[in-house]
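**Q** One structure, as structure tokens, below. Some questions next.
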Amino acid sequence: MPPTPRPIPAFIADATAEKKPYGRWAERLVEEFAVACEPLADEAGAPLDRDAIRWFPERGWGGRVYVPLAARAAGPEGPIEYFGHVSFVRPDEGEPESVRANADFTDVTADDNPDWQIDLNDDVIGRWRTDGDRGGDVTLVWGLPLVRGAVAATAEIGEDVVDQAAVVDGRFTLIAVDALRGFGDDLYLEVKLWDRHLREVAAESLYEEAAPEEEAAEADPGGEP
């Protein structure tokens, strides 16, 4: 086959190797995540509820293993959600090391958005670069299907599938290059869900276009005189 004008890396992440953390290891990961959440508690209006944590399947990239997680809490004006991930190095022998956590929160939840088909979170965990200053963001994506029948998730750029994973316990995790630049128009990931008959049951882009009224406000921030 001839060289491609879009040499986008695909399937760069390791598959899930371990099931949901448990025992002392789970306690350590929760503690790291809780420490990352503490500085956010005043702004969020409520602390992290450790008992409400939901684990997502792990994925590996760049020598580190990433375990996303999320937890609901009761904020002063409604539910909030802490979300993020813990990551670590899993050596060939011995205990995991170099544990780190990243956390954020939101008051925009699926409860208030019945039109959502997938409850998605994402975080940039690295960079990919190629010739001519072209490249993109290596992005960790994790989500909850909000439609019935989803058994697999894919991450797509244009018509190219760049990662895929099973939906496990109603959750999935993907790692793929997003926000590609230098290939003409900027290209963004789209996450799709599939049922056991390989029929598409949901799709969601990581890039949300501004509504027409928002674009008008940005063009004329001062409004009419």
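A short reminder: the numbers here are calculations on the coordinates, not readings from a lab. Being a predicted model, the structure only gives us computed values, none of them experimental. Note: ideal-geometry Cβ built from the backbone for every residue, glycine included; neighbour counts use all protein chains shown.
**Q** Take peptides 160-172, 141-153 and line them up by average Cβ neighbours within 10 Å, highest first, as a rough protection proxy. It would help to have the intermediate numbers written out before the result.
**A** On the way: 160-172: 17.9, 141-153: 19.5.
Result, highest mean first: 141-153, 160-172.
**Q** Only counting other Cβ atoms within 10 Å, I'd like GLU97, GLU81, GLU190 sorted with the fewest neighbours first.
**A** So the residues, fewest neighbours to most, are GLU97, GLU190, GLU81.
**Q** Another question, then. If you average the alpha carbon positions of the range 118-157 and of the range 43-103, how far apart do those two centres end up, in angstrom?
**A** Each part reduced to its Cα centre gives a spacing of 17 Å.
**Q** With a 10 Å Cβ neighbour count serving as the proxy for reagent exposure, in which order, fewest first, do GLU204, GLU31, GLU77 appear?
**A** Numbers: GLU204 18, GLU31 14, GLU77 8.
Arranged by neighbour count, lowest to highest, GLU204, GLU31, GLU77 become GLU77, GLU31, GLU204.
**Q** Further question: Whole-Hz Karplus ³J(HN,Hα) for the range 26-33, in order, using 6.51 cos²θ - 1.76 cosθ + 1.60 and θ = phi - 60°, x for Gly and Pro?
**A** 4, 4, 5, 5, 4, 4, 4, 5
**Q** When the Kirkwood radius is taken over all Cα pairs of the range 23-207, what Stokes-Einstein diffusion coefficient follows at 4 °C and 1.567 mPa s, in µm²/s?
**A** Working: Rh = 17.5 Å.
Translational D for this selection: 74 µm²/s.
**Q** What is the chain's relative contact order, in percent, from Cα pairs under 8 angstrom and six or more apart in sequence?
**A** Numbers: 445 pairs, mean separation 34.8, N = 225.
Rounded, it is 15 percent for the chain.
**Q** Highest mean first, how do 133-139, 15-21 rank when packing is the count of other Cβ atoms within 10 Å averaged over residues?
**A** On the way: 133-139: 18.0, 15-21: 13.9.
Highest-to-lowest ranking by the protection proxy: 133-139, 15-21.
**Q** Using amide H atoms built in the peptide plane, which far-off residues or other-chain residues are under 5 Å from VAL177 H to H?
**A** Residues meeting the amide H criterion: THR139.
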